[in-house]
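Peer 1: Sharing a structure with you now.
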């Protein structure tokens with residue numbers, strides 16, 4: 001996938017081609033496993049993004065804007081931003097040497113729209129926008145004015161483990177603490193002072209972590225400018241954030 005420039009590694013939104021060409025190149029590759037045989041991250045979400053655009057008859061970025069971002073009031077979320085003065089530089093750390101380098105400057109790959117809007121990631125957003133999205137899910141799909149964006153059944157299905165981690169299937173975390181719903185990790189077993197069982201969310205490799213905890217009526221978000229060195233475990237600052245959040249809760 002890397003050789004075909006399909007976006008298989010760290011996010012590089014200006015590398016993959018437009019959706020039809022992306023699908024054509026992807027179709028030349030064999031399946032690693034048959035559907036349902038095991039969980040893999042995250043090419044299926046990119047394919048889903050293309051299918052949504054085709055079914056809706058409009059580009060994915062327009063669909064997300066009109067159906068999700070605008071109703072929620074997520075005014076700063078999209079696949080790029082013209083307000084580069086509000087972007088921070090993204091940094092990467094060499095796992096072998098420990099040296100830190102700039103991965104992407106504010107005027108870099110998120111300053112212009114990509115040819116391939118990814119269904120698997122690559123959005124630019126803010127703390128406020130992510131918070132209102134999290135609150136909508138925590139409210140069972142309702143907007144702040146009480147109107148409904150998603151059905152409660154959709155949210156419940158989205159946030160339920162569908163791969164059978166409790167029965168021994170491999171999930172997104174090597175220690176088996178997380179299952180997978182529709183686009184979010186689902187906490188099956190608590191890890192330290194992190195999110196409790198039933199929480200859901202995801203950590204982005206460019207330095208973000210978000211989770212909803214329905215049992216605590218909690219939306220937790222931390223945004224950093226440092227890429228993860230490894231997918232698991234997350235960086236110490238992310239683990240410390242969640243430990244501090246739960247340590248501060250008074251039942």
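The values are calculated or read from the model by the stated rules, or taken from the named source; none is laboratory data. For clarity, every value in this text was computed on a predicted model and none was experimentally measured. Backbone-built Cβ (ideal geometry, glycine too); neighbour counts: all protein chains shown.
Peer 1: Looking at residue 75, is it under 21 Å from the mean Cα position of the chain (by Cα), touching a residue at least 40 places away in the same chain (Cβ under 8 Å) and part of a helix (DSSP H, G or I)?
Peer 2: no
Peer 1: I've got another one for you. I'd like the full set of residues that are in a loop (DSSP other than H, G, I, E, B) and touching a strand residue (DSSP E or B) at 6+ places or on another chain (Cβ under 7 Å), limited to segment 100-113.
Peer 2: First pass over segment 100-113, keeping only residues in a loop (DSSP other than H, G, I, E, B): 105-113.
Hit for segment 100-113 is 110, nothing else.
Peer 1: Find the residue count for segment 127-173, including only residues that are closer than 20 Å to residue 41 by Cβ and free of Cβ contacts under 8 Å to residues at least 60 places away in the same chain.
Peer 2: Residues flagged as closer than 20 Å to residue 41 by Cβ and free of Cβ contacts under 8 Å to residues at least 60 places away in the same chain within segment 127-173 amount to 12.
Peer 1: Do you know which residues across segment 139-168 are in a helix (DSSP H, G or I) and crowded, with 17+ Cβ neighbours inside 10 Å?
Peer 2: 155, 158, 165, listed by residue number.
Peer 1: Sticking with this one: Quick one: which residue in 133, 116, 69 is surrounded by 17 or more Cβ atoms within 10 Å (Cβ to Cβ), modelled with pLDDT of 95 or more and assigned to a loop (DSSP other than H, G, I, E, B)?
Peer 2: Only one candidate qualifies: 116.
Peer 1: Determine which member of the set 219, 229 is buried (at least 19 other Cβ atoms within 10 Å of the Cβ), in contact with a strand residue (DSSP E or B) (Cβ under 8 Å, 6 or more places away or on another chain) and touching a residue at least 24 places away in the same chain (Cβ under 8 Å).
Peer 2: Checking each option against the conditions leaves just 219.
Peer 1: Right, next: When you look at residue 136, is it in contact with a strand residue (DSSP E or B) (Cβ under 9 Å, 6 or more places away or on another chain) and within 28 Å of residue 18 (Cα to Cα), yes or no?
Peer 2: The answer is no for residue 136.
Peer 1: Output the number of the condition that residue 40 fails; it satisfies all remaining conditions of (1) touching a residue at least 40 places away in the same chain (Cβ under 8 Å); (2) part of a loop (DSSP other than H, G, I, E, B); (3) farther than 13 Å from residue 118 by Cβ; (4) within 19 Å of the chain's Cα centre (by Cα).
Peer 2: (1)
Peer 1: Checking the structure you have, find out if any residue of segment 80-97 is closer than 16 Å to residue 206 by Cα and touching a helix residue (DSSP H, G or I) at 6+ places or on another chain (Cβ under 8 Å).
Peer 2: No, segment 80-97 contains no residue that is closer than 16 Å to residue 206 by Cα and touching a helix residue (DSSP H, G or I) at 6+ places or on another chain (Cβ under 8 Å).
Peer 1: I'm checking my understanding of the structure. Among residues of segment 174-188 that are under 21 Å from residue 119 (Cα atoms) and free of Cβ contacts under 8 Å to residues at least 60 places away in the same chain, which one is surrounded by the fewest Cβ atoms within 10 Å (Cβ to Cβ)?
Peer 2: 182
Peer 1: Looking at 55, 45, which one is within 16 Å of the chain's Cα centre (by Cα) and either within 30 Å of residue 142 (Cα to Cα) or touching a residue at least 24 places away in the same chain (Cβ under 8 Å) (or both)? Step through it out loud before you land on a result.
Peer 2: Details: 55 fails: within 16 Å of the chain's Cα centre (by Cα).
45 is the lone residue from the list that is within 16 Å of the chain's Cα centre (by Cα) and either within 30 Å of residue 142 (Cα to Cα) or touching a residue at least 24 places away in the same chain (Cβ under 8 Å) (or both).
Peer 1: Among the residues that make up segment 226-234, is at least one of them in a strand (DSSP E or B) and closer than 24 Å to residue 153 by Cα?
Peer 2: Checking segment 226-234: not a single residue is in a strand (DSSP E or B) and closer than 24 Å to residue 153 by Cα.
Peer 1: Only residues that are at positive phi and at pLDDT 95 or above: list them for segment 10-66, please.
Peer 2: 57
Peer 1: Based on what the data block shows, is residue 211 out of contact with any strand residue (DSSP E or B) (no Cβ under 8 Å at 6 or more places or on another chain) and either buried (at least 16 other Cβ atoms within 10 Å of the Cβ) or in a loop (DSSP other than H, G, I, E, B) (or both)?
Peer 2: no
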